[in-house]
Amino acid sequence: MASGRFISLEGGEGAGKSTQVKALAEALRARGATVVETREPGGSPGAETIRDLLLTGAVDRWTPRAEALLFAAARADHVARVIRPAVESGAWVIADRFLDSSRAYQGGASGITDDDILSLHRIGSGDFLPDRTLVLAVPEDIAEARTAARDGDRPDRIGGRDREYHRGVARSFARFAEQSPERFRMIDASGDASAVTSLLLQALTDLLP
Ligand code: Z5A
């Protein structure tokens, strides 16, 4: 494959993003692509350090604005040191969450405006955007059953917020997809893992050479 691409997977907790990052990467490698799998918050050594600050400790450890700045700082490092160089070298980068998680969690659900989040992204990462964002949507009860069934699962600082918060997050992702249909695809992620991978590949057909 000649040109690098940047694909982000988004959605709520338990939607199956981490599972699908791996499956999608394998499917793309089988088609000859060089693939980099990564995640947010994190993905570079510095951003992984910030991840620990963000996901551990008391729910009110950070103010909403400090939290948004920390996510943007982690992303700036991740974009500059991992994502952009990989895409420029011709790789496909598949990220488990990216900017739209900040828009949905810190923006839509924590009272900071979308414009604020996008300004932080301009300052931190020069407005760098995915070529495609795949939003994995599952009904609340399925997502909860999946996370509950996962061995040793304990909600992190953000996953432990109340249901209304997570409903707001889901509404935000759906709204982004409506507003920017060229970049977003909503994916029904309630089926088994291989069925979901097929849907993801279909949603990338126009980007595959
Ligand atoms: N956050 C933020 O607030 N702002 C930001 O800018 C960013 C992130 C980037 C990161 O948490 C937290 O940071 C997150 C948002 C916030 N908190 N919340 N909510 P994380 O990285 O630790 O985890 P997560 O992103 O929320 O994902 P997750 O809980 O690990 O879920 P997932 O990746 O979507 O699902 P999974 O791990 O692939 O699957 C969950 C279980 O279901 C597992 O046992 C699988 O084997 C199973 N599974 C997966 N797919 C299927 C299917 N299709 N059928 C049946 N079972 C399945």
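D for the range 22-71, whole µm²/s, Stokes-Einstein with Kirkwood Rh over alpha-carbon pairs at 10 °C and 1.306 mPa s: what number?
It comes out at roughly 123 µm²/s.
In whole Å and largest first, what semi-axes does the C-alpha gyration tensor of the range 5-207 yield when each eigenvalue is scaled by 5 and square-rooted?
After scaling each eigenvalue by five and taking roots: 24, 21, 16 Å.
May I ask for the distance between the Cα centers of the range 107-178 and the range 182-201, given as a whole number of Å?
17
Using a Förster distance of 30 angstrom, determine the FRET efficiency expected from the C-beta separation of residue 198 and residue 114, and round it to 0.05.
0.40
Determine the order of 122, 61, 183 by accessible area, beginning with the largest, at a probe radius of 1.4 Å.
In descending accessible area the options line up as 122, 61, 183.
If DNA, RNA and ligands are ignored and the probe is 1.4 Å, what is the ranking of 35, 59 by accessible area, most exposed first?
The residues order as 59, 35, largest area first.
Please list the non-local residues whose amide H lies under 5 Å from the amide H of residue 39, H modeled 1.01 Å from N, same-chain partners needing a gap of 5 or more.
When sequence neighbours closer than 5 places are left aside, the close amide H contacts are 96.
Given a 1.4 angstrom probe, what's the average accessible area per residue across the chain, in square angstrom?
Per-residue value: 47 Å².
Relative to 2.2 N^0.38 Å, what does the C-alpha radius of gyration of the range 1-125 come to as a ratio? Two decimals please.
Normalised by 2.2 N^0.38 Å, the Cα Rg of the range 1-125 equals 1.08.
Modelled label-to-label distance, residue 60 and residue 26, 7 Å Cα→beta-carbon offset: nm?
4.5
What's the extension gain from residue 162 to residue 206 if we count 0.36 nm per residue and subtract their Cα-Cα distance?
Length gained between residue 162 and residue 206: 12.0 nm.
Taking the Cα centre of the chain as the origin and placing charges on Cβ (Lys, Arg +1; Asp, Glu -1), which of 102, 135, 42 is farthest toward the positive end of the dipole?
Positive-most Cα among the choices belongs to 42.
Of all the accessible heavy-atom surface of the range 5-207, with the other protein chains kept in place and a 1.4 Å probe, what percent is carbon and sulfur?
53
Can you compute 3J(HN,Hα) from phi for each residue in the range 32-42, using the Karplus curve 6.51 cos²θ - 1.76 cosθ + 1.60 with θ = phi - 60°, rounded to whole Hz and x for Gly and Pro?
My calculation for the range 32-42 gives x, 7, 8, 10, 10, 9, 8, 8, 10, x, x Hz in order.
The values are calculated or read from the model by the stated rules, or taken from the named source; none is laboratory data. Because the structure is predicted, anything quoted here is derived from the model rather than measured. We place every Cβ from the backbone using ideal geometry, glycine too, and count neighbours over all the protein chains shown. Quick note on the areas: whole protein, heavy atoms, side chains included, nothing else; ligands and nucleic acids left out. Shrake-Rupley method; radii C 1.70, N 1.55, O 1.52, S 1.80 Å.
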